[in-house]
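**Student:** Encoded as C-alpha coordinates, here's the structure I'll be asking about.
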Amino acid sequence: MTRAQQRPRYVARHAAPRGPVLTRGETAVLTVRLVLSAAVLTASTAVLSLFVWTLLPLAVGWSPSVVLTGSMLPSIQPGDIVVAAPLDEGEQAAPGHVLRFVDPSRPSRYLLHRVVRVNEDGTYVTRGDANRSEDTAPVPPANVTGIARLRVPLVGLPVVWLHERDYLPLGLAVVALFAAAQLFAGLRTLTDEPDDPDDPDSESDFSDEEPLGCDPASDEADDDLDAPQVRRLIAATR
(Lines give C-alpha, C1' and ligand atoms only; values in the text may rest on other atoms or scores of the structure.)
Protein backbone atom coordinates (compact mmCIF):
# COMPACT_ATOMS: atom_id res chain seq x y z
CA MET A 1 0.00 0.00 0.00
CA THR A 2 1.40 3.38 -1.00
CA ARG A 3 1.72 6.38 1.26
CA ALA A 4 -0.88 8.07 -0.87
CA GLN A 5 -3.25 5.26 0.04
CA GLN A 6 -2.40 5.66 3.69
CA ARG A 7 -3.67 9.22 3.88
CA PRO A 8 -5.14 9.68 7.32
CA ARG A 9 -8.77 10.33 7.98
CA TYR A 10 -10.17 13.12 10.08
CA VAL A 11 -12.45 12.09 12.88
CA ALA A 12 -15.32 14.42 13.79
CA ARG A 13 -16.25 13.82 17.38
CA HIS A 14 -19.34 16.02 17.19
CA ALA A 15 -21.44 15.79 14.07
CA ALA A 16 -24.09 17.82 15.90
CA PRO A 17 -24.11 19.69 19.22
CA ARG A 18 -25.33 17.58 22.09
CA GLY A 19 -27.78 18.84 24.72
CA PRO A 20 -27.87 17.88 28.39
CA VAL A 21 -28.96 14.33 29.14
CA LEU A 22 -31.97 14.31 31.49
CA THR A 23 -32.99 11.48 33.73
CA ARG A 24 -36.57 10.26 33.82
CA GLY A 25 -37.20 12.15 37.07
CA GLU A 26 -35.77 15.38 35.67
CA THR A 27 -37.89 14.98 32.55
CA ALA A 28 -41.02 14.58 34.67
CA VAL A 29 -40.14 17.66 36.73
CA LEU A 30 -39.46 19.66 33.58
CA THR A 31 -42.80 18.57 32.08
CA VAL A 32 -44.67 19.63 35.22
CA ARG A 33 -42.88 22.96 35.23
CA LEU A 34 -43.74 23.58 31.61
CA VAL A 35 -47.41 22.79 32.19
CA LEU A 36 -47.56 24.99 35.28
CA SER A 37 -45.73 27.77 33.47
CA ALA A 38 -48.22 27.65 30.61
CA ALA A 39 -51.12 27.81 33.10
CA VAL A 40 -49.56 30.68 35.03
CA LEU A 41 -48.75 32.55 31.83
CA THR A 42 -52.33 32.16 30.62
CA ALA A 43 -53.76 33.34 33.93
CA SER A 44 -51.31 36.25 34.13
CA THR A 45 -52.19 37.34 30.60
CA ALA A 46 -55.89 37.21 31.42
CA VAL A 47 -55.45 39.23 34.62
CA LEU A 48 -53.23 41.76 32.85
CA SER A 49 -55.79 42.22 30.08
CA LEU A 50 -58.51 42.78 32.68
CA PHE A 51 -56.40 45.45 34.35
CA VAL A 52 -55.86 47.09 30.98
CA TRP A 53 -59.61 47.13 30.33
CA THR A 54 -60.06 48.66 33.79
CA LEU A 55 -57.56 51.48 33.33
CA LEU A 56 -57.94 52.19 29.62
CA PRO A 57 -61.39 53.87 29.96
CA LEU A 58 -59.79 56.51 32.20
CA ALA A 59 -58.41 58.08 29.03
CA VAL A 60 -61.96 58.97 27.90
CA GLY A 61 -63.20 60.19 31.28
CA TRP A 62 -64.74 56.97 32.55
CA SER A 63 -64.04 55.87 36.13
CA PRO A 64 -63.86 52.38 37.72
CA SER A 65 -65.49 51.26 40.96
CA VAL A 66 -65.05 48.03 42.90
CA VAL A 67 -68.29 46.28 43.82
CA LEU A 68 -68.14 45.31 47.51
CA THR A 69 -71.55 43.74 48.08
CA GLY A 70 -73.88 41.32 46.35
CA SER A 71 -76.86 43.65 45.93
CA MET A 72 -76.60 43.35 42.13
CA LEU A 73 -76.29 39.58 41.93
CA PRO A 74 -76.31 37.67 39.67
CA SER A 75 -75.46 40.20 36.96
CA ILE A 76 -72.68 41.89 38.97
CA GLN A 77 -70.55 39.95 41.45
CA PRO A 78 -68.64 41.21 44.50
CA GLY A 79 -65.10 41.88 43.34
CA ASP A 80 -66.15 42.99 39.87
CA ILE A 81 -65.01 46.37 38.65
CA VAL A 82 -67.69 48.43 36.98
CA VAL A 83 -66.55 51.27 34.76
CA ALA A 84 -69.04 54.14 34.64
CA ALA A 85 -69.31 56.98 32.15
CA PRO A 86 -70.65 60.38 33.20
CA LEU A 87 -74.03 61.40 31.86
CA ASP A 88 -73.96 64.19 29.32
CA GLU A 89 -75.60 67.46 30.22
CA GLY A 90 -79.34 67.05 29.83
CA GLU A 91 -79.07 63.28 29.36
CA GLN A 92 -81.46 61.18 31.40
CA ALA A 93 -81.13 57.52 32.33
CA ALA A 94 -83.93 55.14 31.43
CA PRO A 95 -85.40 52.20 33.34
CA GLY A 96 -83.03 49.26 33.16
CA HIS A 97 -79.87 51.37 33.24
CA VAL A 98 -77.40 50.76 36.08
CA LEU A 99 -76.35 53.95 37.83
CA ARG A 100 -73.59 54.77 40.26
CA PHE A 101 -74.75 57.44 42.64
CA VAL A 102 -74.33 58.94 46.09
CA ASP A 103 -76.84 57.32 48.43
CA PRO A 104 -79.36 60.05 49.42
CA SER A 105 -79.96 58.35 52.76
CA ARG A 106 -76.25 57.90 53.51
CA PRO A 107 -74.17 60.51 51.64
CA SER A 108 -70.94 58.87 52.77
CA ARG A 109 -71.35 55.88 50.45
CA TYR A 110 -71.89 55.13 46.78
CA LEU A 111 -74.42 52.67 45.40
CA LEU A 112 -74.58 50.86 42.09
CA HIS A 113 -78.22 49.97 41.44
CA ARG A 114 -80.60 49.65 38.53
CA VAL A 115 -83.19 52.25 37.60
CA VAL A 116 -86.71 50.94 38.14
CA ARG A 117 -88.57 54.03 36.99
CA VAL A 118 -88.15 57.77 36.55
CA ASN A 119 -90.38 60.10 38.57
CA GLU A 120 -92.04 63.15 37.09
CA ASP A 121 -89.62 65.43 38.94
CA GLY A 122 -86.67 63.68 37.24
CA THR A 123 -85.54 61.66 40.25
CA TYR A 124 -84.76 57.98 39.88
CA VAL A 125 -86.28 55.07 41.75
CA THR A 126 -83.60 52.39 42.02
CA ARG A 127 -83.24 48.86 43.32
CA GLY A 128 -80.49 46.28 43.51
CA ASP A 129 -81.17 43.20 41.38
CA ALA A 130 -80.81 40.96 44.44
CA ASN A 131 -82.99 43.17 46.67
CA ARG A 132 -86.68 42.57 47.09
CA SER A 133 -87.58 46.17 47.81
CA GLU A 134 -86.75 49.47 46.17
CA ASP A 135 -84.27 51.88 47.67
CA THR A 136 -85.83 54.08 50.34
CA ALA A 137 -85.02 57.47 48.85
CA PRO A 138 -85.33 58.64 45.23
CA VAL A 139 -82.05 59.61 43.62
CA PRO A 140 -81.71 63.21 42.40
CA PRO A 141 -79.88 63.62 39.06
CA ALA A 142 -77.22 65.63 40.88
CA ASN A 143 -76.29 62.54 42.91
CA VAL A 144 -75.60 60.43 39.82
CA THR A 145 -71.87 60.07 39.15
CA GLY A 146 -72.09 57.76 36.15
CA ILE A 147 -73.90 55.12 34.16
CA ALA A 148 -72.39 51.65 34.00
CA ARG A 149 -70.75 50.89 30.66
CA LEU A 150 -68.28 48.07 31.31
CA ARG A 151 -67.87 45.24 33.82
CA VAL A 152 -64.47 43.69 34.50
CA PRO A 153 -64.97 40.48 36.49
CA LEU A 154 -63.22 39.61 39.76
CA VAL A 155 -60.23 41.93 39.42
CA GLY A 156 -61.24 43.82 42.57
CA LEU A 157 -61.41 40.75 44.83
CA PRO A 158 -58.33 41.79 46.87
CA VAL A 159 -60.12 45.04 47.73
CA VAL A 160 -63.17 43.06 48.87
CA TRP A 161 -61.00 40.80 51.02
CA LEU A 162 -59.34 43.82 52.65
CA HIS A 163 -62.71 45.50 53.20
CA GLU A 164 -64.11 42.38 54.86
CA ARG A 165 -60.81 41.64 56.68
CA ASP A 166 -60.70 38.24 55.06
CA TYR A 167 -56.94 37.82 55.07
CA LEU A 168 -56.74 34.10 54.24
CA PRO A 169 -57.58 34.34 50.52
CA LEU A 170 -55.52 37.52 50.31
CA GLY A 171 -52.51 35.69 51.74
CA LEU A 172 -53.08 32.74 49.42
CA ALA A 173 -53.16 35.11 46.45
CA VAL A 174 -49.85 36.65 47.53
CA VAL A 175 -48.30 33.18 47.96
CA ALA A 176 -49.58 32.14 44.53
CA LEU A 177 -48.03 35.22 42.92
CA PHE A 178 -44.72 34.56 44.67
CA ALA A 179 -44.78 30.90 43.62
CA ALA A 180 -45.49 31.90 40.04
CA ALA A 181 -42.53 34.30 40.08
CA GLN A 182 -40.26 31.58 41.47
CA LEU A 183 -41.51 29.13 38.87
CA PHE A 184 -40.61 31.48 36.02
CA ALA A 185 -37.24 32.29 37.59
CA GLY A 186 -36.30 28.64 38.08
CA LEU A 187 -37.66 27.25 34.85
CA ARG A 188 -34.31 27.40 33.04
CA THR A 189 -32.17 26.03 35.84
CA LEU A 190 -32.89 22.45 34.84
CA THR A 191 -31.99 22.88 31.19
CA ASP A 192 -29.20 25.47 31.36
CA GLU A 193 -25.84 23.68 31.71
CA PRO A 194 -22.67 25.72 31.15
CA ASP A 195 -19.92 24.18 29.06
CA ASP A 196 -16.98 22.78 31.00
CA PRO A 197 -13.78 24.28 29.57
CA ASP A 198 -11.79 21.25 30.84
CA ASP A 199 -14.04 18.76 29.06
CA PRO A 200 -12.68 17.98 25.59
CA ASP A 201 -16.08 16.67 24.51
CA SER A 202 -17.55 20.16 24.97
CA GLU A 203 -15.75 21.32 21.83
CA SER A 204 -17.99 21.05 18.80
CA ASP A 205 -15.50 22.53 16.36
CA PHE A 206 -13.18 19.82 15.01
CA SER A 207 -11.23 22.05 12.64
CA ASP A 208 -8.18 21.98 14.98
CA GLU A 209 -8.11 18.18 15.40
CA GLU A 210 -5.06 16.35 14.20
CA PRO A 211 -5.46 13.55 11.61
CA LEU A 212 -4.95 10.07 12.97
CA GLY A 213 -1.53 8.57 12.23
CA CYS A 214 -0.16 11.72 10.60
CA ASP A 215 2.42 14.20 11.70
CA PRO A 216 1.96 17.66 10.17
CA ALA A 217 5.72 18.09 9.99
CA SER A 218 6.06 15.00 7.82
CA ASP A 219 3.46 16.36 5.42
CA GLU A 220 5.45 19.53 5.03
CA ALA A 221 8.56 17.45 4.29
CA ASP A 222 6.72 15.40 1.68
CA ASP A 223 5.89 18.57 -0.19
CA ASP A 224 9.61 19.14 -0.85
CA LEU A 225 10.29 15.71 -2.44
CA ASP A 226 11.21 15.67 -6.10
CA ALA A 227 9.96 13.10 -8.65
CA PRO A 228 12.85 10.52 -8.29
CA GLN A 229 12.48 10.49 -4.53
CA VAL A 230 8.76 9.92 -4.83
CA ARG A 231 9.32 6.95 -7.22
CA ARG A 232 11.87 5.38 -4.83
CA LEU A 233 9.53 5.85 -1.94
CA ILE A 234 6.71 4.15 -3.82
CA ALA A 235 8.99 1.24 -4.82
CA ALA A 236 10.16 0.77 -1.23
CA THR A 237 6.64 0.39 0.05
CA ARG A 238 5.63 -2.31 -2.41
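**Student:** Please give, to one decimal in nm, the separation of the simple spin-label points placed at residue 149 and residue 48, each 7 Å out from Cα toward the Cβ.
**Tutor:** Distance between label points: 2.6 nm.
**Student:** Something else now. Work out the charge dipole of the stretch 76-192 with +1 on the Cβ of Lys and Arg and -1 on the Cβ of Asp and Glu about the Cα centre, then indicate which of 170, 145, 180 is farthest towards its positive end.
**Tutor:** Checked the options; the winner is 180.
**Student:** Leaving ligands and nucleic acids out of the surface, order 161, 53, 62 by accessible area at 1.4 Å, largest first.
**Tutor:** So the residues, ranked largest to smallest area, are 53, 62, 161.
**Student:** Continuing with the same structure: Whole-Hz Karplus ³J(HN,Hα) for the stretch 156-172, in order, using 6.51 cos²θ - 1.76 cosθ + 1.60 and θ = phi - 60°, x for Gly and Pro?
**Tutor:** So the Karplus estimates, Gly and Pro as x, are x, 4, x, 5, 5, 4, 5, 5, 8, 6, 9, 7, 5, x, 5, x, 5 Hz.
**Student:** Just how large is the dipole of the stretch 53-184 about the Cα centre, in debye to the nearest 20, putting +1 at every Lys and Arg Cβ and -1 at every Asp and Glu Cβ?
**Tutor:** That gives a dipole near 320 debye.
**Student:** Between residue 75 and residue 88, with labels modelled 7 Å along Cα→Cβ, what's the label distance in nm to one decimal, could you check?
**Tutor:** In this crude spin-label approximation the distance works out to 2.3 nm.
**Student:** Round to the nearest 10 and report in Å² the accessible area of residue 177, as given by a 1.4 Å probe over the protein chains' heavy atoms.
**Tutor:** Near enough 130 Å² of accessible area.
**Student:** Take residue 34 and residue 136, extend 7 Å from each Cα along the Cα→Cβ direction, and tell me the distance between the two endpoints in nm.
**Tutor:** 6.3 nm
**Student:** What number comes out for the charge environment of residue 102, summing +1 per Lys or Arg and -1 per Asp or Glu over other residues with Cβ under 15 Å away?
**Tutor:** With Lys, Arg at +1 and Asp, Glu at -1, the net is +1.
**Student:** A further question on this structure: Which net charge results when you count Lys and Arg as +1 and Asp and Glu as -1 among the other residues whose beta-carbon is under 11 Å from that of residue 83?
**Tutor:** Result for the local shell: +2.
The values are calculated or read from the model by the stated rules, or taken from the named source; none is laboratory data. Note that this is a predicted model, so its numbers are computed, not measured. Cβ: placed from backbone, ideal geometry, glycine included. Neighbour counts: every protein chain shown. Surface accessibility is based on the protein's heavy atoms, side chains included, excluding ligands, DNA and RNA. Shrake-Rupley method; radii C 1.70, N 1.55, O 1.52, S 1.80 Å.
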